[in-house]
Amino acid sequence: MYAVGRDGVREEPFLDVRDRLVDLSGYEERGLLGLAFHPDFEADRRVFARYSAPATVDTPPNYSHRFVLSSFRVTEGSADPDSETRLLELPQPQANHNAGSVAFGPDGFLHVGTGDGGGANDVGTGHVADWYDAIDGGNGQDVTENLLGSVLRIDVDADGDQPYGIPEDNPLVGRPGLDEQYAWGFRNPWRFSFTDGDLYVADVGQNRFEEVSVVESGGNYGWNVREATHCFDPETPGSPPDDCPTETADGDPLRDPIVEYAHDGDDLSGVSVIGGYRYTGDALPGLAGAYVFGDWQADGRLFIARPDDGLWETETVDLTGGDTGPGEYLLAFGRGADDELYVATTDSGTPTGQSGTVHRLVSTA
């Protein structure tokens, strides 16, 4: 068992973009969704923010909002809103599946997660045709029409007139497809992280399975042909087909995850995976090398996956939280400069109330 101890919370906002955000009410997947500091922050005082902005006259009709990736300069401990430089804007057809992770890899390039555009099955408003005829869409299996359902990789230090550059070794450079694409076949990649050069991406499933993958350049991770290691069928979600492609029409493999769990499992179950980190700290030696993650429907638990051939061995651990409690809903993980892990939780299923808390994972032993 592990305990969570509350850390101090900054009273003044580090970055306040509320006047730029969509209006939030009720259940929401929009908002301020990701932050990443420049890897050479001592010399380059930029922070990169991913947030949801209102639709404009340039947004296609019937679309929900805009995906925005911006940089801000940090002065006197806060990001200056007037310093905003917008690097990337995408029209978002529906309100959900917005992903939001941004993280610099060891190569110094910024990786950006995008959801499939929202709705069920990767079809409907804003979804395009793809190679898989069994389902009418969508963005996860397309690399030519838009940047949705993908992990992008861009150079924020490139010279020139454009707000970012394209790394020359991105997999679609010189090939059909959009050059920002790094990997694709995702539904809603909610939180990713790097450890020892490996990129761990948690992708939220639809009706049956959640998954985590080690993502490589040019990899296709299956959505909406497969949900984790299983075939996906929107017509019969309770009994999907036994046979579906394991590769694209061009012969590229649909890659399997390292972790999956079912919505209707026993102890290891949930409804929406929350990606975490491989543990490299010192405070919890029993977790050395394990991937620590969880589910939005936390129920006082975290999940631990240990490396194995094929799917990794995965278990649950219970949390205690002193006066604050571990929180009913799990939102995200963080990793400090000392490699110790933090967990953000809330007791509210909506972006309201005062129950949000940041905890530090510590041992009860």
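A few notes on this one:
- Of the criteria (1) exposed (fewer than 15 other Cβ atoms within 10 Å of the Cβ); (2) modelled with pLDDT of 90 or more; (3) more than 16 Å from the chain's Cα centre (by Cα), which one GLU216 fails: (3)
- Subset of segment 77-95 (residues that are in a strand (DSSP E or B), farther than 21 Å from THR114 by Cα and hydroxyl-bearing (Ser, Thr, Tyr)): SER78
- Taking every residue in segment 175-188 that is more than 10 Å from VAL143 (Cβ to Cβ) and pairing it with any residue that is among the acidic types (Asp, Glu) and assigned to a loop (DSSP other than H, G, I, E, B), at least 6 positions away or on another chain, the pairs with Cβ-Cβ distances below 6 Å are ARG187/ASP116.
- Of all the residues in segment 32-44, those that are part of a loop (DSSP other than H, G, I, E, B) and either of a type in the set (Gly, Ala, Ser) or within 14 Å of the chain's Cα centre (by Cα) (or both) number 1.
- Within segment 102-159, considering residues that are among the polar types (S, T, N, Q) and touching a Ser or Thr at 6+ places or on another chain (Cβ under 6 Å), the one farthest from SER71 (Cα to Cα): SER150
- Scanning segment 259-284 for residues that are under 25 Å from GLY138 (Cα atoms) and surrounded by fewer than 18 Cβ atoms within 10 Å (Cβ to Cβ) returns ALA262, HIS263, VAL271.
- Residue count for segment 194-213, restricted to those that are over 11 Å from GLY275 (Cα atoms) and in a loop (DSSP other than H, G, I, E, B): 6.
- Filter result for the condition that a residue is of a type in the set (Val, Ile, Thr), modelled with pLDDT of 95 or more and closer than 23 Å to ASP250 by Cβ, over THR195, THR114: THR114
- In segment 1-39, the qualifying residues are those that are of a type outside the set (A, V, I, L, M, F, W, C) and modelled with pLDDT under 50, and the one that is surrounded by the most Cβ atoms within 10 Å (Cβ to Cβ) is TYR2.
- Of the strands (runs of 3 or more DSSP E) that lie entirely inside segment 276-341, those containing 3 or more residues that are within 30 Å of GLN354 (Cα to Cα) and either free of Cβ contacts under 8 Å to residues at least 40 places away in the same chain or in contact with a Lys or Arg (Cβ under 8 Å, 6 or more places away or on another chain) (or both) span 291-295, 313-320, 329-335.
- Given (1) touching a residue at least 12 places away in the same chain (Cβ under 8 Å); (2) farther than 30 Å from ARG335 by Cβ; (3) not aliphatic (A, V, I, L, M), number of the condition GLU247 does not satisfy: (1)
- Candidates VAL68, VAL47, VAL57, VAL74, filtered to the one that is among the aliphatic types (A, V, I, L, M) and either in contact with a Ser or Thr (Cβ under 6 Å, 6 or more places away or on another chain) or part of a loop (DSSP other than H, G, I, E, B) (or both): VAL57
The values are calculated or read from the model by the stated rules, or taken from the named source; none is laboratory data. These figures come from a predicted structure and were not determined experimentally. Counting neighbours? That spans all protein chains shown, and the Cβs are built from the backbone with ideal geometry, glycine included.
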